[in-house]
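First up is the structure itself, then whatever we jot down about it.
What follows is calculated from the coordinates using simple rules that are stated; it is not laboratory data. What you see is a predicted model; the values in this text were computed from it and never measured. Quick reminder, even Gly has a Cβ in these numbers, built from the backbone with ideal geometry, and neighbours come from all protein chains shown.
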């Protein structure tokens, strides 16, 4: 059971890297088109970097989320909606 969170974290990191590879060129284009200040790109990249530990933490703490029909309850517990 201990390998499930590790595997989940690796998939989340891979998805985050692919998403960042698609978003970064779009941010540069958006900055040029809208004539945004250079601070926009810096803040956007910083936000993406700060999001990495958050994504890792969520993937490690809740490995069941996104792996099927499970939902996060208000108290932090995970409920399986497939059982009736």
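Just a few scattered comments:
- Of all the residues in region 17-57, those that are closer than 21 Å to residue 7 by Cα and in contact (Cβ under 8 Å) with a residue 24 or more places away in the chain number 5.
- Selection within region 26-39 - in a helix (DSSP H, G or I) and over 18 Å from the mean Cα position of the chain (by Cα): 28, 29, 30, 31, 32, 33, 38, 39
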